[in-house]
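Presented below is the structure to which this report refers.
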Amino acid sequence: MKNNRLAIHGGKPLRTREFRSKPFITKEMIDGVKSLMREGRLTRFIGSPVPGTHEIIGLKSSEVEGLTNSVSFLGGASVRKLESKWSGLHKVDYSISVNSATSGLTAAIMALNIGPGDEVMCSPFSFTASATSIVLANAIPVFADIDLDTFCLSPEAVEKSITQSTKAIMPIHWNGNAGNLGAIISIAKRKGLKVIEDAAQTPGILYKGKFLGTYGDAGVFSLNEPKNVMTGEGGIIVTNSKEIAIKCRLIRNHGEAVVNENSPDDLVANAIGYNFRLVELLAEIGVAQLDHLNNLNKIREENYTYLVKKLISEFGEYLKPQKITHPKSYSPYTAGFRWMSKKSKIHRNIVADVLRAEGIPVASGVARLMSDNPLFQRQLAYGKDHCPFSCHLYKRRGKYSIPDMPNARRLQDEEYLGFFQVGWPNTIKDMNDIVKGFRKIMANKDSLSRMPVLSKANIFTSGR
């Protein structure tokens, strides 16, 4: 490389062009949204017991698409079509669209009758909504350490953390990776626990021949802008259980107005006035994007495979990729790595600062471990009386506490590097710029090893 002077030291940056994945938008999508605007069809949900609601609320998503109602408790034509197409793609009976994956996780938890006094186990290494969705359902997240190679829940840590209050496990498929999901499912079955998959980053991705999101009692995907399918905001709950689907539909759309004096208690519970509905405009974008999902996932797969191969061939001594447990069907949300700070003698934060100065965005961890959020550290969520941690129904032996999680802490504080820009419109040429960034780091290895660590901020782009 002719000019190895780092941009952080006054050299010329490798890139000045914007470098990120973007929403894939076609003329078809624009025309579809325009058509809805002309029709004035912004939403077609109605949150009241219109005639026929009780007859359709348990229909499979493929059956719901065929409804002729222009206005429905189950939404308009675009919402129902998106749900039907999502179910067809993932080979699942029910898909329930919501306004965010955060809402979807909360609805799924409540649909499983998990609430006050109950614990749901999850990883601390994720976007904050994975844990707060549990609190939104009036339940309590219990954190278990991750596997340092997969960045996903450690089955051993899960096994050790189960208490009499544990009712479910939430495996988080970080960057689209399943981790050791098979072992998590086995533990849940043996212990009689529910499984809610946080599959926010995994649309159309297979694990051992079955789509992620469909292993648990329910799974939840995100349609948030940075994701593989981008509608701006939104989420999808999937399940093969009619009972769970009905409850999710009630929770999504003012179910308290739909249940009646003949409804069993199980249906009335948790139908308390939430509005988690997805609007027609965003659903229409999702319908069109699904037609391109295979190609969009292929772009991510090809960019990721190339990037990993190049980085490991040149810098494998210091850079270790996330261990993917389904490499033949992996289309990453983010390309994740571990930087060996001690071996390289360059702190991870310095590597991140150098790359950013070169015009290469990189995440150096999540915003903070979810377990570090004040609401968990102080056990304050609702009001000032330590609810739900102080709930009289909470039977945990001893005080709620956050365990030591050395793997998650090490990954967050010392090692994680994540590249969001593996999706469209990026190409192999763009991946080469990331490689060139590391070449510049290696060319300046000695001087960088003497630099003080100044940056503490983690640049993190995600959402639920």
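The values are calculated or read from the model by the stated rules, or taken from the named source; none is laboratory data. Not measured: the values here are computed from a predicted model. We place every Cβ from the backbone using ideal geometry, glycine too, and count neighbours over all the protein chains shown.
With the condition kept exactly as written, say whether any residue in the stretch 430-451 is at pLDDT 95 or above and under 23 Å from residue 464 (Cβ atoms).
no
Please specify each residue of the stretch 233-249 satisfying the condition of being of a type in the set (D, E, K, R) and farther than 19 Å from residue 137 by Cα.
Once the filter is applied, which keeps residues that are of a type in the set (D, E, K, R) and farther than 19 Å from residue 137 by Cα, the stretch 233-249 yields 233, 242.
Can you tell me which condition residue 165 does not meet? The list is (1) buried (at least 21 other Cβ atoms within 10 Å of the Cβ); (2) over 22 Å from residue 321 (Cα atoms), and all the others hold.
(1)
Tell me, yes or no, whether the stretch 24-42 has at least one residue that is under 26 Å from residue 268 (Cα atoms) and not basic (Lys, Arg).
No - not one qualifying residue is present in the stretch 24-42.
Filter the stretch 54-68 down to residues that are of a type in the set (Val, Ile, Thr) and surrounded by fewer than 17 Cβ atoms within 10 Å (Cβ to Cβ) and give me whichever is farthest from residue 248 (Cα to Cα).
68
One residue is enough: does the stretch 236-255 have a residue meeting the conditions free of Cβ contacts under 8 Å to residues at least 40 places away in the same chain and either part of a loop (DSSP other than H, G, I, E, B) or over 24 Å from residue 63 (Cβ atoms) (or both)?
no
Within the stretch 3-19, is there a residue that is within 30 Å of residue 357 (Cβ to Cβ), part of a loop (DSSP other than H, G, I, E, B), among the acidic types (Asp, Glu) and at pLDDT 90 or above?
Looking for residues that are within 30 Å of residue 357 (Cβ to Cβ), part of a loop (DSSP other than H, G, I, E, B), among the acidic types (Asp, Glu) and at pLDDT 90 or above, one finds at least one in the stretch 3-19, hence yes.
Taking residue 274, is it crowded, with 19+ Cβ neighbours inside 10 Å and either outside the structural domain of residue 80 (by TED's automatic domain parsing) or more than 30 Å from residue 32 (Cα to Cα) (or both)?
In short, no.
With respect to the numbered conditions (1) surrounded by fewer than 18 Cβ atoms within 10 Å (Cβ to Cβ); (2) of a type outside the set (A, V, I, L, M); (3) assigned to a helix (DSSP H, G or I), which one is the sole condition not fulfilled by residue 261?
The number of the failed condition is (3).
Name the residues in the stretch 218-245 that are surrounded by fewer than 19 Cβ atoms within 10 Å (Cβ to Cβ) and either at pLDDT 95 or above or over 19 Å from residue 175 (Cβ atoms) (or both), would you?
Within the stretch 218-245, 232, 240, 241, 242, 243 meet the criteria.
Among all residue pairs at least 6 apart or on different chains, which show Cβ distances below 6 Å where the first residue, located in the stretch 322-349, is of a type in the set (Val, Ile, Thr) and the second is part of a strand (DSSP E or B)?
Cβ pairs passing all conditions: 334/418.
Here is a check on your reading of the model: is residue 119 closer than 19 Å to residue 193 by Cβ and modelled with pLDDT of 95 or more?
yes
So, in the stretch 20-57, how many residues would count as being part of a helix (DSSP H, G or I) and of a type in the set (Lys, Arg)?
The number of residues fulfilling the criteria is 3.
Any idea which of 287, 258, 279 is in the same structural domain as residue 214 (by TED's automatic domain parsing) and at pLDDT below 95?
One residue alone meets the criteria, 258.
Can you find a residue in the stretch 37-60 that is closer than 12 Å to residue 237 by Cα and either more than 18 Å from the chain's Cα centre (by Cα) or modelled with pLDDT of 95 or more (or both)?
No.
Inside the stretch 294-383, counting only helices (runs of 4 or more DSSP H) that do not spill past its ends, which hold 3 or more residues that are buried (at least 20 other Cβ atoms within 10 Å of the Cβ)?
So the answer is 348-357.
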